[in-house]
Every structure is written in structure tokens, then in C-alpha cells.
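The values are calculated or read from the model by the stated rules, or taken from the named source; none is laboratory data. What you see is a predicted model; the values in this text were computed from it and never measured. Every residue, glycine among them, receives a Cβ derived from its backbone with ideal geometry; neighbour counts consider all protein chains shown. Each accessible area value is taken on the protein alone, full model and side chains, heavy atoms only, with ligands, DNA and RNA left out. Shrake-Rupley method; radii C 1.70, N 1.55, O 1.52, S 1.80 Å.
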Amino acid sequence: MKTDNMNLQFKTNINCDGCVAKVTPFLDEAKGISHWEVNTVSKDKILTVQTDGIAKEEVMQKVQEAGFKIESLNQ
């Protein structure tokens, strides 16, 4: 299911600048993401993705390909 122009949030284990650097190429190459950021200070390391057509399952797959755990916080 494609999701247009929504904010998706995920709980992750992306917890440092090195982790962000590792996941960056995976999320930057994904089509359908207009912006993303990880709050590495928060307890749950929340990844917020502004979508432009990508489905939450595709975002989860990209983060897992980078070697991180991810759990959707959206219904």
C-alpha cells in the first residue's frame, strides 16, 4: 500500500551518528521519501519519515537492510 504525503514514525535502535551514517544511503536511495530524521536522543530512537509515495513496509525493509531493528508506531 502506497502512502502519499504522510508522516510515518518508527521505533528503532539507530542510536548514534555512526548508525545514522550507516542507514543514510539506504533511506536516501529509497524512492518516495521526501525527508527523514532520527531522534537519537529519545529513548525509543524515533525515525520520522515524510512520505511521497513510499509504504511503511518499504521503509522498514530499507532500515532492516542497513542492519537495524525497526517497529512501526503507525496503525
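Where does the Debye-calculated log10 I(q)/I(0) of the chain sit at q = 0.15, 0.25, 0.28 Å⁻¹, using only Cα point scatterers of equal weight, no solvent?
So the normalised log intensities are -0.41, -1.20, -1.50.
Kindly provide the helix-only [θ] at 222 nm of the chain, computed as the sum of -39,500 (n - 2.57) over DSSP H runs of four or more divided by all residues, to the nearest 500 deg cm²/dmol? Walk me through the numbers on the way to the answer.
Working: 2 runs with 23 residues, N = 75.
Taking each H run of at least 4 residues, the total per residue is -9500 deg cm²/dmol.
Would you mind getting the accessible area per residue of the chain, heavy atoms of the protein chains only, 1.4 Å probe, in Å²?
62 Å²
Let me know the number of lysine pairs in the chain closer than 24 Å at the Cα, not counting same-chain pairs under 8 apart.
29
Angle between the Cα long axis of helix 56-65 and the longest principal axis of the chain, 0 to 90 degrees, nearest 10?
So the inclination is approximately 40 degrees.
Please report, in debye to the nearest 20, how large the charge dipole of the range 19-75 is about its Cα centre when each Lys and Arg carries +1 at its beta carbon and each Asp and Glu carries -1 there. Could the numbers behind the result be given before it?
Numbers: 7 positive and 9 negative charges, 40 e Å.
Dipole of the range 19-75, to the nearest 20 debye: 200 debye.
With axes computed from alpha carbons, what is the tilt in degrees of helix 17-29 against the longest principal axis of the chain, rounded to the nearest 10 within 0 to 90?
Taking Cα atoms only, the helix is inclined about 20 degrees.
Please list, by residue number, every one of the trypsin sites (Lys or Arg not before Pro) in the range 12-66 that is coil in DSSP and has at most 16 other beta-carbon atoms within 10 Å.
Those that pass, being in a loop and sparsely packed, are Lys31, Lys43.
Please give the net charge around Asp28, taking every other residue with its beta carbon less than 15 angstrom from that of Asp28, where Lys and Arg add +1 and Asp and Glu add -1.
My count for the surroundings of Asp28 gives -2.
In whole percent, how big is the carbon plus sulfur part of the accessible area of the chain, probe 1.4 Å, protein atoms only?
Percent of accessible area from carbon and sulfur atoms in the chain: 47.
Determine, from the Cβ-Cβ distance of Asn13 and Ser34 and an R0 of 30 Å, the FRET efficiency 1/(1 + (r/R0)^6), rounded to the nearest 0.05. Working shown, then result.
On the way: r = 24 Å, r/R0 = 0.80.
Once the sixth-power term is evaluated, E becomes 0.80.
With the crude spin-label approximation of a point 7 Å out along Cα→Cβ, what separation in nm comes out for Lys22 versus Ser72?
2.5 nm
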